[in-house]
Amino acid sequence: MPEPYIVFENVVVSHDENVILGGLSFSVDAGEFVCILGPSGCGKSTTLRLMSGLLQPQSGTILIDGRSPDAAYADFAFVFQSPRLVAWRNAIRNVTLSTELRNGSGDRSMNEKKALELLTLVGLAQDGHKRANELSGGERQRVAIARALHVNPRTLLMDEPFSALDVRTREAMRREIVSLWEQQRKTVVFVTHDIDEAIFLADRIIVLSHKPTVVEETIRVGPSRPRDMDHDAEVQALRKRLYQIMRDDPEAANPKANPKANP
Amino acid sequence: MSSAATLRLAFTENRIANFGLIAIIAAWWLWSQNLPEFVLPGPVTVGRRMAELAVDPTFLRHLALSLARIAVALTVAMLLGAALALLPFYRPGSRYVVERVNLPFFNSFPSIGWVLLATIWFGVSETTVIFIQVAILLPFCLINVAEGVRVLDAEALELGHSFTRRRTRVFFRIVMPSLVPFFVGALRISYGVAWKIALLAELFGARDGVGYVMLQAQIAADSTTVLATCFFIVLLFVLGDRLVIQALATRFGEART
Amino acid sequence: MKRAVGRGALASQLPNRALFWQCVFLLGFGLCWILAAKNMPVYIIPGPRAVALDILQFVTTPALRSSALASLFHVCIAVFLAFVLGGVLASIAERFPIFRALIHHRISPFFNAFSGIGWALLAVLWFGVSQLTVVFTVAVVLLPFSLINIREGLASLDRETLEMARSFSQRPLRTARLVLVPLLLPFLIAALRISFGVGWKVALTAELLAGDRGLGYVMNIAMQEQDTTRVIAISLIIVVFVRVVDKYGFERIQRKLSTAFRSA
């Protein structure tokens, strides 16, 4: 059996006297779509930042294909909760920004051609010359996804990328990200506090506990995609089980924040 | 108010503004009738002198010289101000030194103090003029750019670091573009101050430039030339502001603090 | 204070570290000054001791004290005049909108673009070397600052609050005193604060070019006598005075006002 691609072993992060991650251990295989699910404020985003070397742990080991996160940072591309488009560039140039940051200026027309292809892929073929303030929230997040793909990363790190969107857009984006993943088969590590989102997207769900955070449970999601969230019995059972694991979390259990949760 | 009424008001407003301007010039003319020319020359006299100066190569050379000095001083002050403003960003320990020691010091140090010190130190020379202008303009540049640095978007910076580990790339592609509107704001204010106050440098530190021309005219009790030169400065200020800085502001946006 | 561990210790020491660097900077600056003064003649760079002693002179010598007071007088009168004139112009533009373009798009930009040095030189020709010249120059340079700030205040006035005031009282003076002025106060203070800071710079210049008393005048004499010590002493006195008034006067008032407004 091959070595897993990303390995966390007994990772501890503390801020002042506050222990955030209290010995986190898990692994992710190459090409896998993994959701990290946990109550809000449990250190899910911290985990992603550790993976790409934006944060250093106090102790424990993190290996990316046998390398340290700092050495392997070019494997990753981040999609943040807010799109973080820069105001002084249009959509196309926002997409190329990632490559310019990572590899320098390079061939501008090549970069822009590729950006346009990616914008087409996320359904924004016509909007390349718009500025951030001319795009809707969902469109901005699509640009951010295209930006992440532009560096052709091995792995996408997604930090609750759809949580600021309205319900309809959110569902559309979920379907899109799944079809993207099915085309490209990149490794995706997707952080969310939304149980349905995790079930809909993931091959495997890593459930985190409250602080100090450890892995509560790792669950493989069986049903084939696209998953029928309303009628599939396996999905219903999984949802019930995840609610039981996470029942202390008011936000995930709040039916208003998560309209599909109410049977 | 209906849009037609708004339009009518704007129209009247403009007419009154232009009539008011003519009325002010007329009052100036009336007043100057009873005063000797060396005290208050009339608008016609000043206008004629301006026309003369506009084709006088010596005067144009003085004007060009002042403009060039201001351009150099602005560049130096902007670079210095930006460097000082960015220092706390890369070395957080220096924040207090920059914002609580250097900025207030330069901000409240009297301009005339710089003028006299520079004249003593460097005599009559280009160094004196540039030194004085830079010292006067520096706090205006520093305040604006420092504000830009303070409101730098931490999220955009993290985005930058997530894609690259090279600080220079983050600097040129995230930090600098974020600061551009603040540079434009700093430029606008400094450009105005340069024409209004920093000309002082030429009164003491130079034997040419419009500041020098004004001083010589004043010593000769030539009010006409002093006024004509002042109007030229107003003209140059407005032209530079509308043509160059306004264009920059529309292109890159402008932040005022 | 709880004992901090690891990174926390660094964070809790941060203000101290800033203070440390501040001290290092000031010490380094002082050291450079002393070294420079040692190797240069006094008329180029006087030492800190000489400057400190000269600053003391301004407390002990009545003539110097009165010239400092003269400068303060010039600044205050000019700030006041510019404030009143700016207020009147801004109010006219607000009350009679047909004058708006004349005041804000003709008069204000003109004064804003007119060179301060030009005013000073002209004022000498008009009023001779006198206090009037100084006050005129400073006031006319400060006018656009006051005008713009008060205009902004008037533009941001809350129409609903004013309407509330008018619904209770028919007397314009009373509504002005009880509602209008308090609403405007933050902008008025801001106008005064900027004017005061700029006013000192202009006042010294005007006194040097056209004054017969005041710190600028003293500086003029000092320069003619190559008395660099005095030039630096006066500059530092101004730095400290302006800074103290700004920090413990204006800033404190503004902070009080902003907390008062937040709780309202």
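The values are calculated or read from the model by the stated rules, or taken from the named source; none is laboratory data. Keep in mind that what you see is a predicted model, and the values were worked out from it rather than measured. Using ideal geometry, Cβ is built from the backbone for each residue, glycine included, and neighbour counts are taken over all protein chains shown.
Selection of first residues in the stretch B:107-118 that are more than 17 Å from residue B:193 (Cα to Cα) and modelled with pLDDT of 90 or more and of second residues that are crowded, with 23+ Cβ neighbours inside 10 Å and not hydrophobic (A, V, I, L, M, F, W, C), restricted to Cβ pairs under 6 Å at least 6 apart or on distinct chains, gives the following pairs, ordered by first then second residue: B:118/B:128.
Every listed requirement among (1) surrounded by fewer than 14 Cβ atoms within 10 Å (Cβ to Cβ); (2) part of a helix (DSSP H, G or I) is met by residue C:33 save one, (1). Within the stretch C:163-179, the presence of a residue that is facing chain B (nearest Cβ under 10 Å), among the aliphatic types (A, V, I, L, M), surrounded by 19 or more Cβ atoms within 10 Å (Cβ to Cβ) and assigned to a helix (DSSP H, G or I) is excluded.
Of the helices (runs of 4 or more DSSP H) lying entirely inside the stretch B:6-124, those carrying at least 1 residues that are touching an Asp or Glu at 6+ places or on another chain (Cβ under 8 Å) are B:43-54, B:57-90, B:103-108.
Could you name every one of the helices (runs of 4 or more DSSP H) located completely within the stretch A:17-131 that has at least 2 residues being modelled with pLDDT under 90, in contact with a strand residue (DSSP E or B) (Cβ under 7 Å, 6 or more places away or on another chain) and not hydrophobic (A, V, I, L, M, F, W, C)?
Numbers: elements: A:44-51, A:91-103, A:108-121.
Fully inside the stretch A:17-131 and qualifying: A:44-51.
A quick yes/no check of all residues on (1) in contact (Cβ under 8 Å) with a residue 12 or more places away in the chain; (2) more than 16 Å from residue A:69 (Cβ to Cβ):
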position	(1), (2)
A:4	yes, no
A:10	yes, no
A:15	no, yes
A:21	yes, no
A:24	yes, no
A:29	yes, yes
A:34	yes, yes
A:38	yes, yes
A:41	yes, yes
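Across the stretch B:211-257, which residue is farthest from the other protein chains (Cβ to nearest Cβ) among those that are touching an Asp or Glu at 6+ places or on another chain (Cβ under 6 Å) and part of a helix (DSSP H, G or I)?
Restricting attention to the stretch B:211-257, the residues satisfying the condition of being touching an Asp or Glu at 6+ places or on another chain (Cβ under 6 Å) are B:211-212, B:257.
Next cut, part of a helix (DSSP H, G or I) only: B:211-212.
Values: B:211: 6, B:212: 11 Å.
Looking at residues that are touching an Asp or Glu at 6+ places or on another chain (Cβ under 6 Å) and part of a helix (DSSP H, G or I), I get B:212.
Scan the stretch C:75-98 and tell me whether some residue there is farther than 16 Å from residue C:135 by Cα, at the interface with another protein chain (Cβ under 8 Å from one of its Cβ atoms) and assigned to a helix (DSSP H, G or I). Yes - at least one qualifying residue is present in the stretch C:75-98. Taken over the stretch C:105-139, residues that are in contact with a helix residue (DSSP H, G or I) (Cβ under 6 Å, 6 or more places away or on another chain), in a loop (DSSP other than H, G, I, E, B) and of a type in the set (Gly, Ala, Ser) amount to 1.
Of the set (1) closer than 15 Å to residue C:120 by Cβ; (2) touching a Gly at 6+ places or on another chain (Cβ under 7 Å); (3) more than 8 Å from chain B (Cβ to nearest Cβ), all apply to residue C:199 but (2).
Does residue C:142 satisfy being part of a helix (DSSP H, G or I), surrounded by 15 or more Cβ atoms within 10 Å (Cβ to Cβ) and within 19 Å of the chain's Cα centre (by Cα)? Considered against the rule, which asks whether it is part of a helix (DSSP H, G or I), surrounded by 15 or more Cβ atoms within 10 Å (Cβ to Cβ) and within 19 Å of the chain's Cα centre (by Cα), residue C:142 comes out as yes. Which of the residues spanning the stretch A:91-110 are away from chain B (no Cβ under 13 Å) and in contact (Cβ under 8 Å) with a residue 24 or more places away in the chain? Selection gives A:91, A:92. Which of the residues belonging to the stretch C:207-233 are in contact (Cβ under 8 Å) with a residue 60 or more places away in the chain and at the interface with another protein chain (Cβ under 9 Å from one of its Cβ atoms)? Scanning the stretch C:207-233 gives C:207, C:209, C:215, C:216, C:226, C:228, C:232.
Checking the conditions here, which among C:198, C:202 is more than 21 Å from residue C:65 (Cα to Cα) and either touching a Cys at 6+ places or on another chain (Cβ under 6 Å) or buried (at least 17 other Cβ atoms within 10 Å of the Cβ) (or both)? Don't jump to the end; show me each part of the working.
Details: C:202 fails: more than 21 Å from residue C:65 (Cα to Cα).
Every option except C:198 fails the conditions.
Scan the stretch C:53-65 for residues that are free of Cβ contacts under 8 Å to residues at least 60 places away in the same chain and either within 30 Å of residue B:9 (Cβ to Cβ) or in a helix (DSSP H, G or I) (or both) and jot them down. Quick ask: steps written out before the conclusion?
Here is the first cut: in the stretch C:53-65, the ones free of Cβ contacts under 8 Å to residues at least 60 places away in the same chain are C:53, C:56, C:59-63, C:65.
C:53, C:56, C:59, C:60, C:62, C:63, C:65, listed by residue number.
Between A:256, A:260, the distinction of being part of a loop (DSSP other than H, G, I, E, B), at pLDDT below 85 and among the basic types (Lys, Arg) belongs to A:256 only. Yes or no: residue A:173 surrounded by 22 or more Cβ atoms within 10 Å (Cβ to Cβ) and either under 19 Å from residue A:137 (Cα atoms) or free of Cβ contacts under 8 Å to residues at least 60 places away in the same chain (or both)? So residue A:173 does not fit the description; no. With the checklist (1) within 13 Å of another protein chain (Cβ to nearest Cβ); (2) aromatic (Phe, Trp, Tyr); (3) under 27 Å from residue A:166 (Cβ atoms) in hand, flag the one item residue A:73 doesn't pass. Evaluating residue A:73 over (1) within 13 Å of another protein chain (Cβ to nearest Cβ); (2) aromatic (Phe, Trp, Tyr); (3) under 27 Å from residue A:166 (Cβ atoms) leaves (3) as the failure. Can residue B:42 be described as among the small types (Gly, Ala, Ser), farther than 30 Å from residue C:221 by Cβ and under 21 Å from the mean Cα position of the chain (by Cα)? No; evaluated as a whole, the condition is false for this residue. Annotation: residue A:60 fulfils all but one of (1) crowded, with 19+ Cβ neighbours inside 10 Å; (2) more than 12 Å from every other protein chain (Cβ to nearest Cβ); (3) over 19 Å from the mean Cα position of the chain (by Cα); the unmet one is (1).
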